[in-house]
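What follows is a single structure, written as structure tokens, with notes after it.
Each reported figure results from applying straightforward, stated rules to the coordinates on display, with no laboratory input. Since we're looking at a predicted model, the values are computed, not measured. Neighbour counts run over all protein chains shown; Cβ positions are idealised from the backbone, glycine included.
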Amino acid sequence: MARFPPLASGALLLLLFVLVSPCRSAAGGRPRAVVLPVSKDDATQQYVTVFRQRTPQVPVKAVLDLAGATLWVDCDTGYVSSSYARVPCGSKPCRLTKTGGCFNSCFGAPSPACLNGTCSGFPDNTVTRVTAGGNIITDVLSLPTTFRTAPGPFATVPEFLFTCGHTFLTEGLANGATGMVSLSRARFAFPTQLARTFGFSRRFALCLPPASAAGVVVFGDAPYVFQPGVDLSKSSLIYTPLLVNAVRTAGKYTTGETSIEYLIGLKGIKVNGRDVPLNATLLAIDKNGVGGTTLSTASPYTVLENSIYKAVIDAFAAETATIPRVPAVAPFELCYDGRKVGSTRAGPAVPTIELVLQREAVSWIMYGANSMVPAKGGALCLGVVDGGPALYPSSVVIGGHMMEDNLLEFDLEGSRLGFSSYLPLRQTTCNNFRLG
């Protein structure tokens, strides 16, 4: 099996990000792209990043989230900046957030978390599903314009809008994380704010790393080039439409809002090339906004509605009948003796799981590296979880593990998702992305 030694581990890349001093983009012009470095937190299985914020600038560690209306950061503890500014109640930015809130109940000294006459929002911890009110403010935010072992130079957004969260909202996040970075299709999430500031196309690429490696989020119009000279720009990606749920079902919202999450039109599932019998109505979004397939970085593993889960588990078990089973390891049911499973360039030698999209010829194929999870005692388990009979709102939630070492392009203007499938089959990994 070919191995790709990391050019820089995720932890080392984040450390270098912290140590490099920020500056304006090269030559004072607009950058062609900006990036967020990504690493995986072993304890929580969350994907974390670091960006620079405030004056003077400090590194802020946060968890990546494909949902959420805005970036939110803990403003209760240690938020010190001379450049923050409130978003006034009734102002155009406040109206565009559609929260309808106005904060006027603070009796302490003014601070980012205590500003009367300020637009209020509802930051959402999508890991713990806890929501709380908070001020909407702006402050300086900087991101690197290159992705190398030593990142930089940096491009700066002077007034990046975000929501102040309370310290208790960070419970359940990776150690040291003080907020969540929203990558959703919302107006004030990272993709749209950065596109508006720098004149980018409204799209971004996401490459989630496995543990002890580096990944990246790329905003802008740079090509997707990986060492050793692998170009995965548009012609190398397979595209499927991004769907919009006409009924927003997550977090706090107002009537009539559409979804801000990313949904795709899953039509069926195959295991080892064979169709899995499913209730097809569960794969469609009904008039109440229930059903369909969502992509989530807040969920470490793929979650399936109970009947879909049982059908996939049964089909996979039938195709792996010759591999010795071992007792279940929570949260997984179907586990094998890892010593008896072969190894390939695409991970454990197990049957593929094929997500059939808008037509039979368009499928996202999951190989062993994305379907199987090492567990305690040398077990190797199928990394899908039973969401129960009332999984809400989506019947299928594709979790982070299934997306690792796949390049995903979220094209908000074209309303489509591009995917590469497993990168080591193309002689590279997310760790090998290079910009600048």
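What is the antiparallel percent of DSSP beta bridges lying wholly in the chain, to the nearest 5?
About 85 percent, rounded to the nearest 5.
So how do 403-415, 118-130 stack up, highest first, on mean other-Cβ count within 10 Å? Provide the component values of the computation, followed by the final result.
Details: 403-415: 19.7, 118-130: 22.3.
Packing order, densest peptide first, comes out as 118-130, 403-415.
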Item to check | Distant-in-sequence amide H partners of residue 381 (H built 1.01 Å from N, under 5 Å) | outcome: 336, 373, 375
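Could you tell me the ratio Rg/Rh of the chain? Both radii from Cα atoms, Rh via Kirkwood. Walk me through the intermediate numbers first.
Details: Rg = 21.5 Å, Rh = 22.3 Å.
Rg/Rh for the chain comes to 0.97.
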Checklist entry - For residue 326 and residue 30, FRET efficiency with R0 = 56 Å and r from the beta-carbon atoms, rounded to 0.05? => result 0.55
Item to check | Under-5 Å amide H pairs with residue 103, H placed in peptide plane, nonlocal only | outcome: 117, 118, 119, 120
Next on the checklist: Can you tell me the length gained on complete extension of the stretch residue 358 to residue 82, counting 0.36 nm per residue apart and subtracting the Cα distance?
Outcome noted: 94.3 nm
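Convex hull volume of the Cα atoms in segment 85-196, per residue, in Å³? Walk me through the numbers on the way to the answer.
Values: hull volume 15.0 nm³, N = 112.
Taking only Cα atoms, segment 85-196 has a hull volume of 134 Å³ per residue.
How do 159-166, 261-268 rank on mean C-beta neighbours within 10 Å, highest first? Write down the numbers at each step before the final one.
On the way: 159-166: 24.2, 261-268: 21.4.
Highest mean packing first, the order is 159-166, 261-268.
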Checklist entry - For the Cα atoms of the chain, what angle does the longest principal axis make with the long axis of helix 306-319, in degrees from 0 to 90, nearest 10? => result 40 degrees
Checklist outcome for this item: Quick calc of log₁₀ I(q)/I(0), segment 304-419, Debye, one scatterer on every Cα, no solvent, q values 0.10 1/Å, result -0.33
Checklist entry - Arranged from highest to lowest average of other beta-carbon atoms within 10 Å per residue, in what order do the peptides 272-282, 347-357 appear? => result 347-357, 272-282
Checklist entry - How many nm is it between the label spots at residue 107 and residue 202, if each spot is 7 Å from the Cα in line with the beta carbon? => result 4.4 nm
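For residue 317 and residue 130 in the same chain, what is the full-extension length gain: residue separation times 0.36 nm, less their Cα-Cα distance, in nm?
Answer, rounded to one decimal: 63.7 nm.
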Checklist outcome for this item: segment 33-223: spread of alpha-carbon positions along the three principal axes, whole Å, largest first, is 46, 37, 29
Next on the checklist: How far apart, in nanometres, would the label points at residue 187 and residue 235 be if each is projected 7 angstrom from Cα along the Cα-to-Cβ direction?
Outcome noted: 4.0 nm
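By how many nm would the segment from residue 159 to residue 434 grow when fully extended, if each residue of separation counts as 0.36 nm and the alpha-carbon distance is taken off?
Values: separation 275, 0.36 × 275 = 99.00 nm, distance 2.81 nm.
Net length gain for the segment: 96.2 nm.
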Next on the checklist: Using 10 Å bins from zero, what percent of all Cα-Cα pairs in segment 204-342 falls into each bin?
Outcome noted: 9, 26, 32, 27, 6, 0
Item to check | Residue (of 207, 396, 282) at the positive-pole extreme of the chain, dipole from beta-carbon charges | outcome: 207
Checklist entry - Going from the alpha-carbon gyration tensor of segment 377-436, what semi-axes, largest first and in whole Å, does one get by taking the root of 5 times each eigenvalue? => result 27, 21, 8
